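K.L.:
To start, I am sharing the structure in question, which I have written as structure tokens.
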Amino acid sequence: MKTHKRLSYTERAALCTNRMAQQLFSLLSEKETNLALSADVTSCGALLELADKLGPEICILKTHVDILTDFTVGATQELIKLARKHQFLIFEDRKFADIGNTVKHQYQGGIYHIADWADIVNAHSLPGPGVISGLAEAGLSKQRGLLLLAEMSSAGNLINSDYTQKTLRMAEQFPEFVLGFIAQKKIANDPWWLYMTPGVQLTEGKDTLGQHYVTPARAIQENESDIIIVGRGILQAKDPLVETKKYRQAGWDSYRSAL
Ligand code: S5P
């Protein structure tokens, strides 16, 4: 039986020093949604349509900019406008995983100029703290935030508990920039870290390529994560808006009943 009381998002916001974590915890609580949409579509039109239609229901829209076949900088400007209109943050799921100097270029330059439009990005801790330093050089002055991948949802991944704990130690060295983790469960007792969990659907299961799904209740209530990330559970539904509302409700109910 759990003896500790779960703190609310509002209480957690007050305990954060990281500005992005503060902003996001406040957003969760004010908008009453802990649902992140994984907008894994391949055209800018489809991305912007989803952002406009589902934007009111979500706290975060997660992109994979490199799967868009018709990327333009203009589309990212439109996305920013929709993020302001509907009050959600943009998270580019780039999973940086190289030496600091390289990731800095990948983050701020190239075709995508990710640092110009993504509030949040993520990185693997595998290369060591240099990956964070490199990203921080491009992101901190723009008041961006970073999530580290502390665990993955895919079967057979090589992350073990030692790697997860070392990832936490690495995050602790960059409190201004790292706001939390991509993980399947809470990994530390400090209340200021924010957790986002992918691999979520309304029923537990898997896909044909190793993805493993847990329910919103398992992610939020049992595993003490903060935000559920949902892609195909919504995108492949007959009516994505109806389905989004179901995930929003399930995520929020799980949070409320854990308090
Ligand atoms: O461990 C992970 C980390 C991430 S960020 N497992 C994941 O599935 N993801 C991402 O979450 C993945 O890249 C995809 O964009 C999304 C899950 O999509 P779904 O369609 O399986 O819900």
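The values are calculated or read from the model by the stated rules, or taken from the named source; none is laboratory data. Everything numeric in this text was worked out from a predicted model, so none of it was measured. FYI the Cβ positions are ideal-geometry reconstructions off the backbone, even for glycines, and counts take in every protein chain you see. Protein only, heavy atoms only, side chains kept; ligands, DNA and RNA dropped before computing areas. Shrake-Rupley method; radii C 1.70, N 1.55, O 1.52, S 1.80 Å.
K.L.:
From GLY139, GLY128, grab the single residue that is open to solvent by less than 40 Å² (accessible area, probe 1.4 Å) and not in a loop (DSSP other than H, G, I, E, B). I'd like the intermediate steps shown before the answer.
P.N.:
On the way: GLY128 fails: not in a loop (DSSP other than H, G, I, E, B).
Going through GLY139, GLY128 in turn, just one is open to solvent by less than 40 Å² (accessible area, probe 1.4 Å) and not in a loop (DSSP other than H, G, I, E, B): GLY139.
K.L.:
Please specify each residue of region 89-111 satisfying the condition of being touching a residue at least 24 places away in the same chain (Cβ under 8 Å) and more than 16 Å from the ligand (Cβ to nearest atom). Let's see the steps before the verdict.
P.N.:
Quick first cut of region 89-111, residues touching a residue at least 24 places away in the same chain (Cβ under 8 Å) only: 89-104, 107-108, 111.
Matches in region 89-111: ASP98, ILE99, GLY100, ASN101, THR102, VAL103, LYS104, TYR107, GLN108, ILE111.
K.L.:
Give, as residue ranges, the strands (runs of 3 or more DSSP E) completely inside region 11-113 that count at least 1 residues that are among the charged types (D, E, K, R) and crowded, with 20+ Cβ neighbours inside 10 Å. Walk me through how you get there before you give the answer.
P.N.:
Working: elements: 35-38, 60-63, 89-96.
In region 11-113, the matching strands (runs of 3 or more DSSP E) lie at 60-63, 89-96.
K.L.:
Kindly establish whether GLN249 is over 18 Å from the mean Cα position of the chain (by Cα) and open to solvent by 30 Å² or more (accessible area, probe 1.4 Å). Don't jump to the end; show me each part of the working.
P.N.:
Numbers: over 18 Å from the mean Cα position of the chain (by Cα): yes; open to solvent by 30 Å² or more (accessible area, probe 1.4 Å): yes.
Spelling it out, GLN249 is indeed over 18 Å from the mean Cα position of the chain (by Cα) and open to solvent by 30 Å² or more (accessible area, probe 1.4 Å).
K.L.:
Under the condition of being in contact with a helix residue (DSSP H, G or I) (Cβ under 7 Å, 6 or more places away or on another chain) and touching a residue at least 60 places away in the same chain (Cβ under 8 Å), which residue from region 228-243 is nearest to LYS186 (Cα to Cα)?
P.N.:
Of all residues in region 228-243, those in contact with a helix residue (DSSP H, G or I) (Cβ under 7 Å, 6 or more places away or on another chain) come to 228, 230, 233-234, 237, 240-241, 243.
This time we only want the ones that are touching a residue at least 60 places away in the same chain (Cβ under 8 Å), so: 228, 230, 234, 240-241.
Details: ILE228: 13, VAL230: 18, ILE234: 24, PRO240: 29, LEU241: 29 Å.
Among residues in region 228-243 that are in contact with a helix residue (DSSP H, G or I) (Cβ under 7 Å, 6 or more places away or on another chain) and touching a residue at least 60 places away in the same chain (Cβ under 8 Å), the one nearest to LYS186 (Cα to Cα) is ILE228.
K.L.:
Pairs needed: first member in region 150-161, closer than 16 Å to LEU209 by Cα; second member anywhere, near the ligand (Cβ under 7 Å from one of its atoms) and in a loop (DSSP other than H, G, I, E, B); C-beta distance under 6 Å; at least 6 residues apart or different chains.
P.N.:
Every condition considered, the pairs that remain are SER153/PRO198; SER153/GLY199.
K.L.:
Mind listing whichever residues of region 219-246 are open to solvent by less than 20 Å² (accessible area, probe 1.4 Å), of a type in the set (S, T, N, Q) and more than 17 Å from MET152 (Cα to Cα)?
P.N.:
THR244, the sole residue that qualifies.
K.L.:
Here is a follow-up. Test each condition in (1) closer than 22 Å to TYR9 by Cβ; (2) free of Cβ contacts under 8 Å to residues at least 60 places away in the same chain for PRO175 and report the one that comes out false.
P.N.:
Failing condition for PRO175: (2).
K.L.:
If you go through region 182-208, how many residues are without any contact (Cβ under 8 Å) to a residue 40 or more places away in the chain and more than 9 Å from the ligand (Cβ to nearest atom)?
P.N.:
Here the count works out to 10.
K.L.:
Quick one: PHE177 ticks every box in (1) within 16 Å of the ligand (Cβ to nearest atom); (2) open to solvent by less than 40 Å² (accessible area, probe 1.4 Å); (3) farther than 18 Å from GLU222 by Cβ except a single one, so which number is it?
P.N.:
Of everything listed in (1) within 16 Å of the ligand (Cβ to nearest atom); (2) open to solvent by less than 40 Å² (accessible area, probe 1.4 Å); (3) farther than 18 Å from GLU222 by Cβ, PHE177 misses just condition (1).
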